[in-house]
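> Please find one structure pasted underneath; my questions will follow.
The values are calculated or read from the model by the stated rules, or taken from the named source; none is laboratory data. Predicted model, so just to flag it, every value in this text is computed and none were measured. Neighbour counts run over all protein chains shown; Cβ positions are idealised from the backbone, glycine included.
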Amino acid sequence: MTASLAAGCVYFAIVFAAGFLLGFARVLVVAPAVGEVSATLVELPVILAISWVACAFAVHLFHVRRSIADRCVMGIAAFGLLMAAELALAALLGVREPLLERYSHPAHLLGFAGQILFGLMPLGRLVVR
């Protein structure tokens, strides 16, 4: 289980860093040109592809066992860190809108769907190598 937690932390860190950079580009460059929902639809497959590769890297680096329990621990750890980081970043940026209320917007809902897929990726890696 320790390997799963460590892998989840590294998986989160890689994807969060990539997502931060992509999000910055999405908000400042793409969204003003095509709209928030379209920009999210452009970003989502890119970040999910990065997640897929980062997940494989973390699994390999920490030799995470091919068990549902170990992969769930990895995914839950990574997803929990992602949600905590999102809340912390929103607070740091002074976002006043409650988290659940933000998810009522289509672009944020798409992003949340991507975050759920991010959390499930270690399980998906059991099926597809």
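> What's the number of the only condition in (1) among the polar types (S, T, N, Q); (2) surrounded by fewer than 17 Cβ atoms within 10 Å (Cβ to Cβ); (3) under 15 Å from the mean Cα position of the chain (by Cα) that S38 fails to meet?
It fails just one condition, (3).
> Go through the residues of the stretch 1-9 one by one and say whether even a single one is surrounded by 15 or more Cβ atoms within 10 Å (Cβ to Cβ) and either under 15 Å from A107 (Cα atoms) or without any contact (Cβ under 8 Å) to a residue 24 or more places away in the chain (or both).
no
> Continuing with the same structure: Please find, among R26, R71, R66, the residue that is within 12 Å of M121 (Cβ to Cβ) and among the basic types (K, R).
Numbers: R26 fails: within 12 Å of M121 (Cβ to Cβ); R66 fails: within 12 Å of M121 (Cβ to Cβ).
Answer to the selection: R71.
Here is a yes/no grid of residues against (1) over 17 Å from M1 (Cα atoms); (2) surrounded by 13 or more Cβ atoms within 10 Å (Cβ to Cβ); (3) touching a helix residue (DSSP H, G or I) at 6+ places or on another chain (Cβ under 6 Å):
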residue	(1), (2), (3)
I47	yes, yes, yes
A54	yes, yes, yes
A69	no, no, no
L93	yes, no, no
L109	yes, yes, no
F112	yes, yes, no
I116	yes, no, no
G124	yes, yes, no
V128	yes, no, no
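> Taking A78, is it surrounded by 14 or more Cβ atoms within 10 Å (Cβ to Cβ), at pLDDT 95 or above and in contact with a helix residue (DSSP H, G or I) (Cβ under 6 Å, 6 or more places away or on another chain)?
Yes.
> Quick one: in the stretch 95-107, of everything that is surrounded by 14 or more Cβ atoms within 10 Å (Cβ to Cβ) and modelled with pLDDT of 85 or more, which residue is farthest from V64 (Cα to Cα)?
H105
> I need every pair where a residue in the stretch 37-53 that is farther than 12 Å from Q115 by Cα and free of Cβ contacts under 8 Å to residues at least 24 places away in the same chain has its Cβ under 8 Å from the Cβ of a residue that is of a type in the set (K, R) and in a helix (DSSP H, G or I), sequence separation at least 6 or different chains.
Close Cβ pairs (under 8 Å, with a partner that is of a type in the set (K, R) and in a helix (DSSP H, G or I)) amount to V42/R26; E43/R26.
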